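For reference, the structure is listed below as structure tokens.
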Amino acid sequence: MFLTISTTGSAERPATDLGFLLHKHPEKAQAFSTSYGTAHVLYPEADAERCTAALLLEVDAVALVRRGKGKGRGGAPDAALAQYVNDRPYAASSLLAVALSGVFSSAMRGVCAARPELPEQPRPLRIEVPALPARGGPELVRRLFEPLGWTVTAEPVALDAEFPEWGDSRYVRLVLESDTLTLAEALRHLYVLLPVLDDAKHYWVASDEVDKLLRAGEGWLPAHPEQKLITSRYLSRRWSLTRQAMERLELVRLAEADDSDVEEIDNAVAAETESEEKPTPLAVRRREAILAALHACGAARVLDLGCGQGQLVQALLKDPSFTEIVGVDVSMRALTIASRRLKLDRMGERQAARVRLFQGSLAYTDKRLKGYDAAVLSEVIEHLDLPRLPALEYAVFGAARPRTVLVTTPNVEYNVRWETLPAGHVRHGDHRFEWTREEFRAWARTVAERHGYGVGFVPVGPDDPEVGPPTQMAVFTADTVKEAKAA
Ligand code: SAH
């Protein structure tokens, strides 16, 4: 099994940077043992103009079978023989994907300690896989790689070069070329799509495969036109896992739908209402109001649920009264941006011990959310479809049960004050609803009543005498008397 990655360069941007990106020195041939055999990394060429890294996987077919992982799906009577006499050692397949992720794990995550700026820069890439088993043929290969920005050459490999009349094998020679992708993106595409094309995963698919798929698919899978085929084949057609993955991808897609324009709109709202002095953006007002409410309740350990790109987490970190800060979001992309903003990888040990980010959906109960002093849901509820809201209510107020919960959401009445917003429109494309003050209060009171909390309301931003403030905030406090009685 064989794959090469090439790049071109110049004196200023030498192609040999590939060695830094892959964390493998171009002058050394290196070997790594994997559970299926040995992976070799070598550079057939390495100078400023051109550099090629080759990954060669020598599969130990016997070890593969002994590990009990060589079985294909099902157990046909001749499967025993097929385990020994098969194409595994020669063809690129899911094993190559496993080797890629093992040998180039930092590169796949886009991490390069020596040259932190490198992984983010797209560079000319050419990837060649001489023999790729491709169920679905060259046509499917193109449908999978072209939407990702690759120029694809996929030639069927003849069954036997001397006897062209025998027709084509199920292999293609694949060449991928692009100038617009980063190496990390390229590796993540291969990691997912090689096994998808092979379509015969060699090991039993466990549920953590869903996490692996979503991690590797970050930034490209949610929008891929063949997402369903990719997901189902990657998960070896295990329907329950496929369904779970599709649902999570859908959440990611919804969550990522243009969250970029939130602040812009907020700024516009604030600018119009406070034209005198330099406006304070509404987002800033909101963070100030949240910090004040957290101080008022004496919270030290705080959850930021639906933390988005981490602005609030950053503000909380600057304040030593918060000893533990946890940001949770369903969007991996948002979390990646948040961790860059916070410089999590370069943070001192003490700071790092105070903060954590993880992916999760608020529509499901989650043990990791239990036992905190306070939870913040800042501009999050309106991103859920109304029928999903009770699930969030239960996960937060019923299961996680922080002592204090702060919920902010737009006040739809205020929208008339925003001249450029056409009548009847919500402020943000992904808002499923926007509530009046009365609607929000009614919801909040019901939730408080149902789960044993008291609730009060705080206006955020200029409180208009007629239509109220642009943002409304509810402060829920657990009813300790009731809790004590219940215990
Ligand atoms: N709290 C931030 C971001 C608000 S945007 C702020 O105040 O600026 C809404 C965020 O909620 C997005 O980052 C979105 O990814 C997240 N989100 C939406 N549905 C979610 C769900 N079911 N579980 C967790 N996060 C969710």
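Taking amide H atoms as placed 1.01 Å from N in the peptide plane, the amide H of ASP479 lies under 5 Å from those of TYR453, GLY454, each 5 or more residues away in sequence or on another chain. The spread of Cα positions in segment 259-486, taken along each principal axis and listed from longest to shortest, comes to 46, 45, 31 Å. Shown in residue order for segment 448-456 are the 3J(HN,Hα) couplings computed by the Karplus curve 6.51 cos²θ - 1.76 cosθ + 1.60 at θ = phi - 60°: 4, 4, 5, 10, x, 10, x, 9, x Hz (x for Gly and Pro).
Take each peptide in 473-479, 21-27, 181-187, count the other Cβ atoms within 10 Å of every residue, and average; sorted highest first, the result is 181-187, 473-479, 21-27. Legend: distances between Cα atoms for LYS212/LYS370; LYS212/LYS318; LYS28/LYS228; LYS24/LYS212; LYS24/LYS343; pairs beyond 31 Å are LYS212/LYS318; LYS28/LYS228.
On full extension, the segment bounded by ARG432 and LYS370 gains 19.6 nm, given 0.36 nm per residue less the C-alpha separation. A simple rule links phi to the HN-Hα coupling: the Karplus curve 6.51 cos²θ - 1.76 cosθ + 1.60 with θ = phi - 60°, which for segment 359-372 gives 8, x, 10, 6, 7, 10, 5, 8, 4, 5, 9, 7, x, 9 Hz, with x for Gly and Pro.
Under 5 Å between amide hydrogens, built in the peptide plane, is the criterion, and for ASP168 it picks out LEU159 among residues at least 5 positions away or on other chains.
The simple spin-label model puts a point 7 Å past each Cα toward its Cβ; for ARG173 and GLU226 those points are separated by 2.1 nm. Inter-label distance, ALA114 to ALA391: 4.6 nm, where each label sits 7 Å from its Cα along the C-beta direction.
Compared with the alpha-carbon gap, the fully stretched path from GLU49 to ARG354 is longer by 105.3 nm at 0.36 nm per residue. The 3J(HN,Hα) values that the Karplus relation (6.51, -1.76, 1.60; θ = phi - 60°) gives for segment 300-311 are, in residue order, 10, 10, 10, 9, 10, 8, x, 6, x, 8, x, 5 Hz. Gly and Pro appear as x.
In a fully extended conformation the segment linking ALA296 and GLN30 would gain 89.9 nm over its present Cα-Cα distance, using 0.36 nm per residue. Distances between placed amide hydrogens fall under 5 Å for ILE325 paired with VAL302, VAL355, ARG356, all partners being 5 or more residues away or on another chain. A protection proxy built from the mean count of other Cβ atoms within 10 Å ranks the segments 11-17, 340-346, most packed first, as 11-17, 340-346. By a 1.4 Å probe calculation restricted to protein chains, ARG445 has an accessible surface near 120 Å², given to the nearest 10. Remark: segment 259-486 carries a charge dipole of roughly 1380 debye about the Cα centre, counting +1 on each Lys and Arg Cβ and -1 on each Asp and Glu Cβ.
The values are calculated or read from the model by the stated rules, or taken from the named source; none is laboratory data. The model shown is predicted, which means the values in this text are computed figures rather than measured ones. Note that we place each Cβ from the backbone using ideal geometry, even for glycine, and neighbour counts take in every protein chain shown. These accessible areas exclude ligands, DNA and RNA; they are computed on the full protein's heavy atoms, side chains included. Shrake-Rupley method; radii C 1.70, N 1.55, O 1.52, S 1.80 Å.
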